[in-house]
1. Can you give me the convex hull volume of the Cα atoms of segment 1-106, divided per residue and expressed in Å³?
2. So how much slack lies between E113 and E38, counting 0.36 nm per residue of separation and subtracting their Cα-Cα distance, in nm?
3. Compute the length gained on full extension between R55 and K29: take 0.36 nm times their separation in residues and subtract their Cα-Cα distance, giving the result in nm to one decimal.
4. State which entries of K3/K215; K267/K371; K135/K215; K50/K267 exceed 28 angstrom in Cα-Cα distance in the structure shown.
5. Tell me whether segment 46-126 comes out rounded, prolate or oblate; compute the Cα gyration tensor, take square roots of the eigenvalues as a ≥ b ≥ c, and use a/c under 1.5 as the rounded threshold.
6. What net charge do the residues around R268 carry, taking every other residue with its C-beta under 13 Å from that of R268, with Lys and Arg at +1 and Asp and Glu at -1?
7. What fraction, in whole percent, of alpha-carbon pairs in segment 262-378 exceed 22 Å separation?
8. Let me check I've understood the local charge: for W44, count other residues with C-beta under 15 angstrom from its C-beta, Lys and Arg +1, Asp and Glu -1. What total comes out?
Amino acid sequence: MSKFDTIRPYYDSEVNEGIRSVIHHPMMKALMNFTFPETEENIWSDQLQKTHSIRDFQINFVYHSVQKVLQRSSEGLTTSGFEKLEKNTAYLFISNHRDIILDTSLLNVSLYEHGLVMTASAIGDNLVKKDFLLKLSKLNRNFLVQRGLPPRELLQSSKLMSEYIGQLLLRENRSVWIAQREGRTKDGNDATQQGVLKMLAMGTDEANVIDYFKKIKIVPVSISYEYDPTDALKMPQLMAAANNEVYTKVKNEDFITLLSGIMGQKKRIHIHIGDVLTDELDQIKQNEDNSNRQIQALAQIIDDSILSSYKLWPTNFIAHDLMHNSNQYSRFYTEEEKSLFERRLEMKIDASNPKMVESFLAMYANPVTNKLKYQNVF
């Protein structure tokens, strides 16, 4: 028994048994038929039963599933910054969070294609309540973030997760992905929650937390989708916030969002890898001796990296212009692109509700507003 058994993915020695326990599940069949539409069931089934490691499962199956998703629901993935990373080196990727499954899946596809160490990735246990999804997540090297715990248990859970992340990075040479905040960004404002950094800091006995942050090689990651496939699904929560109401999720909402994110139309997608934070951490250590202020400064540096490198699409500029009733950024989009965006808005939401329209536009416009805070971005 390991103390991490409640949150860790499968060990390679457990992979084959895990696969065999779900191989006849209707969702596994659906996933394989989607990924390999021209392959007979007995062929992919035999291949699965010969799989004995997470890496083999990811490369031979998940990689092709993600490629099929890109083919079916996007106009392609572009990347930048991966050349800064070294092979056989573990990094802690802290990313903005737009899609439950794809943010990490697309990062791992890109890491694999660049010959780099793929990640173990954090996933909320609320997203894998179904037994099949839990097993699939463990086969895909996800570790669990335990949600909705009372304060004392939350503290214990956070410490356990921070220790596990430290073990992955420093002892197993395994990269890790975590989101900069709990849950996906709903309104387009990407911001690092200091609580995430405080959780990471629990994993060390270092006298100065900055020394630990240097060891684990933090890399900010920015991911942007031209169309958010779950934009309309985010509206009820945004409207509740606009009306100062408490939002309660409906049954299976997370699962519906998960599927919509995978299959919904995204158009173009871009991932940017920021610089490994080293000099910035030295600067923080030099300027701040209070650990809370150090964490505050680090959150700001991660935000600066993500917001300034966020790839803006025509949809972002269109939304910004529509919101401000101007054509300030019309050079960044065509009339046809604007018409398509307006049609999407009318189809997805109640266009006669001004609050709803404003929330929908803000979701796409806020990345422009945020990028304006940095010089020489357009």
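1. Dividing the Cα hull volume of segment 1-106 by its residue count gives 163 Å³.
2. 24.6 nm
3. Length difference between fully extended and current span is 7.3 nm.
4. Check vs 28 Å cut-off fails for K135/K215; K50/K267.
5. rounded
6. Taking every Cβ under 13 Å from that of R268, the sum is -1.
7. 48 percent
8. After counting each charged neighbour, the total is -1.
The values are calculated or read from the model by the stated rules, or taken from the named source; none is laboratory data. Small disclaimer: the values here were computed from a predicted structure and weren't measured. All Cβ positions, even for glycine, are placed from backbone atoms using ideal geometry, and neighbour counts span all protein chains on display. Side chains included, ligands, DNA and RNA excluded: accessible areas come from the protein's heavy atoms. Shrake-Rupley method; radii C 1.70, N 1.55, O 1.52, S 1.80 Å.
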